[in-house]
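Notes follow once the structure below has been shown.
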């Protein structure tokens, strides 16, 4: 059986597609994980064995003491990964970007192990740019991603999301979270880590959203506690049933990470995107095609204030015809087979 090593950057945004591909490979390949030291693999990869952990080594962007020692630390990480891949007789490496991935990609090249990578964001990271230059087979999530690729395959997503029928699950999902079955629900989520600015804004206007006839399911993020939520607002730090959270909702307010955008597209849930402003602007670009198609609206984080909610979001919540139009537009955008395609490429590259 082919041995496939899966490598991501240690965050949920990298590990979620990794697990989706592992799900597709189950029973057809032996899956191993190359992790990040201090990353979330132990929490998220379940029973998959982590064969090696690479230290976080962000590429230096300025000349400082860390930049001077970076080449030596990076080469040490590459050689350690090389020996781990050889020791475990890996046949193919599948990468999802992030700090860890660059060293693993170079190690695979040195070991003459075929490389398959997936780029989730509209703006590719440095590791995946390197991987593409090393001759990897590349799949991307968004058509405008400036990276040479075999195909636009969308985001590798878990079967629980790909096969989700929100309407069939809606009543059970709302009971699960203690929401009334007949009221529309606004889902608010800042991603796997939460978003303080979004939480603060929603906390200030939650009562007004309820007064407009909606309930709120607020996924705050681990460690983001709240004071007593008003009646009609369910506030939780974390749920492991994101399928049910999506099923409760008629509209979402969320970040625009690639996984989030893709999940909302696949399940047909319209959104208000509040892109995370740190980084190279990839979240705004992740959301661009969805906004252009009419499935979502976008607001900058600096503008996501109680005043904006009152002037823009509340009128949207009262316009059910527009929400129905956004739902229809969103439903036609999702790609459902990204995990299967990437798994097939991995088996092909590994000689199966």
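The values are calculated or read from the model by the stated rules, or taken from the named source; none is laboratory data. No experiment lies behind these values; they were computed from the predicted model shown. Ideal geometry is used to build each Cβ from the backbone, glycine not excepted, and the neighbour counts take in all protein chains shown.
May I ask you to say which residue of 197, 175 is modelled with pLDDT under 90 and assigned to a helix (DSSP H, G or I)? Selected residue: 197, the only one of 197, 175 that is modelled with pLDDT under 90 and assigned to a helix (DSSP H, G or I).
The residues of the range 339-352 that are part of a helix (DSSP H, G or I) and touching a strand residue (DSSP E or B) at 6+ places or on another chain (Cβ under 7 Å), listed by number, are 341, 342, 345, 346, 349. Counting only residues that are farther than 19 Å from residue 318 by Cα and buried (at least 23 other Cβ atoms within 10 Å of the Cβ), the range 196-218 holds 2 of them. Evaluated against (1) at pLDDT below 95; (2) under 22 Å from residue 175 (Cα atoms), residue 259 falls short on exactly one condition, (2). Residue 88 passes every criterion in (1) touching a residue at least 60 places away in the same chain (Cβ under 8 Å); (2) touching a strand residue (DSSP E or B) at 6+ places or on another chain (Cβ under 9 Å); (3) closer than 30 Å to residue 248 by Cα apart from (3). The residue list 96, 70 contains one member that is surrounded by 15 or more Cβ atoms within 10 Å (Cβ to Cβ) and more than 26 Å from residue 337 (Cβ to Cβ), which is 70. Of the strands (runs of 3 or more DSSP E) entirely within the range 246-300, those holding at least 1 residues that are surrounded by fewer than 19 Cβ atoms within 10 Å (Cβ to Cβ) and outside the structural domain of residue 152 (by TED's automatic domain parsing) occupy 296-298. Looking only at the range 222-241, residues that are within 23 Å of residue 283 (Cβ to Cβ) and either crowded, with 19+ Cβ neighbours inside 10 Å or in contact with a helix residue (DSSP H, G or I) (Cβ under 6 Å, 6 or more places away or on another chain) (or both) come to 2 in all.
Each row is one residue, and each column tells you yes or no for (1) at pLDDT below 95; (2) under 29 Å from residue 351 (Cα atoms); (3) outside the structural domain of residue 250 (by TED's automatic domain parsing).
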position: 93; (1), (2), (3): no, yes, yes
position: 113; (1), (2), (3): no, yes, yes
position: 126; (1), (2), (3): yes, yes, yes
position: 141; (1), (2), (3): yes, yes, yes
position: 179; (1), (2), (3): yes, no, no
position: 187; (1), (2), (3): no, no, no
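Just one of the numbered conditions (1) under 30 Å from residue 255 (Cα atoms); (2) surrounded by 14 or more Cβ atoms within 10 Å (Cβ to Cβ); (3) without any contact (Cβ under 8 Å) to a residue 24 or more places away in the chain is not true of residue 62: (2).
Check whether at least one residue in the range 126-139 is buried (at least 16 other Cβ atoms within 10 Å of the Cβ), out of contact with any strand residue (DSSP E or B) (no Cβ under 6 Å at 6 or more places or on another chain) and under 17 Å from residue 263 (Cβ atoms), and report yes or no. No, because not a single residue in the range 126-139 is buried (at least 16 other Cβ atoms within 10 Å of the Cβ), out of contact with any strand residue (DSSP E or B) (no Cβ under 6 Å at 6 or more places or on another chain) and under 17 Å from residue 263 (Cβ atoms).
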